[in-house]
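Down below is the structure, laid out as structure tokens.
The values are calculated or read from the model by the stated rules, or taken from the named source; none is laboratory data. Because the structure is a prediction, the values reported are computed rather than measured. Reconstructed Cβ throughout: ideal geometry from the backbone, glycine too, with neighbour counts over all protein chains shown. Just the protein is used for accessible areas: all its heavy atoms, side chains included, with ligands, DNA and RNA removed. Shrake-Rupley method; radii C 1.70, N 1.55, O 1.52, S 1.80 Å.
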Amino acid sequence: MPKEEYRVGGFWLTRRSDRKGWFIAWYDAKSQQRRVRATGTDDFQEAIVAIHRHAFQHDVLRNADPDDVPLARVLLDYWHKHAEHIPSSTQAKIALGLWNSHFGGITVSQVTPQAQRDFVNALAKVGHSTGYISRTLSVGRAAIRRAWKAGEIKSAPFVMEVESAADRRGKDPKGRPLTIVEMGRLLDAAQSFHILAFCMLGINTLSRPDALLGLTRDQCDFEHGIIHLNPDGRRQTRKYRPTVPMTQTIRPWLLERPHEPSRRRTITLRQDHVIAYNGRPVSSIKTAWRILRIEAGLDDRVNPYSFRHTMARELRARKVAAEEIDIMLGHLPPGNKTSLIYAPYAPDYCQGAVEAIDDYCRRLQDHTKRPITAPQMIRETGGGLA
């Protein structure tokens with residue numbers, strides 16, 4: 001067995017003659033001695049994970065040569081410094097696992113075009129779609145670019161794309177649009193107040209789900225009738241969060257106070273989120289959504305983005321101005337028009353969109369048994385909601 005099996009920066013994996021398992025070794029310049037630390041495992045792959053964690057905690061990359069930096073180190077840094085904190089962390093973790101599993105212990109510079117083509121072919125061979133492969137590649141691409149932009153590596157290899165812009169434009173939207181009858185079934189199937197409130201917000205704001213789950217009442221300006229989907233202090237990203245008008249339908253839902261926490265709870269989070277369950281913010285609705293969709297008898301192409309695409313289609317069908325639809329969808333990036341900073345305070349801000357959404361909700365009331373414009377009435381009567 002060779003003394004040195006795997007190296008990450010100034011650390012390497014080694015064996016000891018007097019003890020079982022793999023050890024992390026490094027040279028301590030201060031004491032001028034070699035140091036070792038047990039990984040706690042005799043499995044080589046588990047030891048690789050351990051050495052990368054150790055390097056992440058103790059070794060800072062600075063303008064390193066990509067020939068010397070293991071790809072696994074860059075992927076791990078990306079996970080801890082970015083991906084584990086984003087809404088799509090689960091998908092990112094799966095993608096990073098695929099990269100690690102395929103490429104093993106290669107360095108960043110070894111992510112060559114041919115190596116990438118082999119990766120793509122391997123993913124396709126086990127049945128992954130082109131779209132799935134494209135998303136998987138994008139995670140690795142983001143990890144490598146993050147390390148380069150942060151000055152951790154001198155250069156970054158180009159990571160290929162398997163989908164063209166035309167392919168992406170031709171794909172069905174994420175979350176299929178619903179008919180008004182299906183929308184009524186969805187609302188009637190809600191078994192908890194917070195999931196019903198989420199649905200109403202989705203219909204009336206066209207917002208992405210993560211923005212709705214993070215929405216607090218201090219983002220709602222009742223005086224001017226607008227909702228700031230991007231909270232103070234949060235930097236805008238590529239998925240721009242706009243300021244949207246407050247429709248007459250959604251106003252009472254925003255004024256409605258959430259349920260107080262159960263007295264049996266010993267810890268209470270004092271946060272005023274619009275979407276709250278038992279007095280606490282809701283970080284995910286995956287389980288509640290799955291139950292809702294099944295109860296409504298809808299297929300699995302229906303997801304929380306369906307509100308966004310349904311209402312965008314409705315606004316277009318009603319000939320709402322394209323600029324207003326873009327604003328509602330957050331398709332106008334920061335700085336595109338200076339006037340947009342002040343536009344939300346105009347009395348007629350996105351008036352066409354407001355009228356179309358309110359009219360849609362009046363028609364929707366004919367397809368649902370619940371009084372969707374009166375949340376207090378739902379509270380008082382229970383309506384089968386938890």
Sorted by chain and then number, the residues having a modelled amide H within less than 5 Å of the amide H of TYR6, at least 5 places away or on another chain, are LEU13
³J(HN,Hα) computed for each position of the range 83-100 - Karplus, 6.51 cos²θ - 1.76 cosθ + 1.60, integer Hz, glycine/proline x | 5, 5, 9, 9, x, 8, 4, 4, 5, 5, 5, 4, 5, 5, x, 5, 4, 4
Quote the Stokes-Einstein diffusion coefficient, in whole µm² s⁻¹, for the range 1-136, based on the Kirkwood radius over alpha carbon pairs, a temperature of 20 °C and a viscosity of 1.002 mPa s.
-> 130 µm²/s
For the range 293-318 and the range 183-247, distance of Cα centres in Å | 16 Å
Which is the longest part of the chain that has none of the GluC sites (Glu not before Pro) sitting in a DSSP loop with at most 10 other Cβ atoms within 10 Å?
-> 5-222
LYS154 paired with LYS125, simple spin-label distance in nm, labels 7 Å along Cα-to-beta-carbon = 3.4 nm
The range 177-187 - phi-based ³J(HN,Hα) in whole Hz, Karplus 6.51/-1.76/1.60, Gly and Pro as x = x, 10, 6, 5, 5, 5, 4, x, 4, 5, 5
Value at 222 nm in deg cm²/dmol, rounded to 500, when DSSP H runs of n ≥ 4 in the chain each add -39,500 (n - 2.57) | -13000 deg cm²/dmol
Residue-level accessible surface for TRP148, protein heavy atoms, 1.4 Å, Å² | 110 Å²
Cα convex hull volume per residue for the chain (Å³) = 208 Å³
Of the range 81-105, those with amide N under 18 Å from the point 7 Å along the Cα→Cβ vector of ARG290 are 88-94
Paramagnetic reach from LYS369 (point 7 Å along Cα→Cβ, amide N under 18 Å) across the range 295-331 = 295-298
By how many nm would the segment from GLN91 to ARG301 grow when fully extended, if each residue of separation counts as 0.36 nm and the alpha-carbon distance is taken off?
-> 73.9 nm
To the nearest 10 square angstrom, how much accessible area does TYR6 have with a 1.4 angstrom probe?
-> 30 Å²
Going residue by residue through the range 145-153, the Karplus relation 6.51 cos²θ - 1.76 cosθ + 1.60 with θ = phi - 60° gives ³J(HN,Hα) values, rounded to whole Hz and with x marking Gly or Pro, of 5, 4, 5, 5, 5, 7, x, 7, 10
Mind giving me the nanometre distance, one decimal, between the label points for ARG379 and GLN248, set 7 Å out from Cα along Cα→Cβ?
-> 2.2 nm
Simple SL model, points at 7 angstrom along Cα→Cβ for LYS20 and ARG34; separation in nm is 2.3 nm
Which whole-number percentage describes the relative contact order of the range 57-150, with Cα contacts under 8 Å and a sequence gap of 6 or more?
-> 39 percent
State the extension gain, in nm to one decimal, for the chain segment bounded by ASN63 and ASP272, taking 0.36 nm per residue of separation less the distance between their alpha-carbons.
-> 70.8 nm
Mind scanning LYS93/LYS286; LYS93/LYS239; LYS125/LYS149; LYS174/LYS319; LYS319/LYS369; LYS125/LYS174 and naming the pairs with a C-alpha gap bigger than 27 Å?
-> LYS125/LYS149; LYS319/LYS369
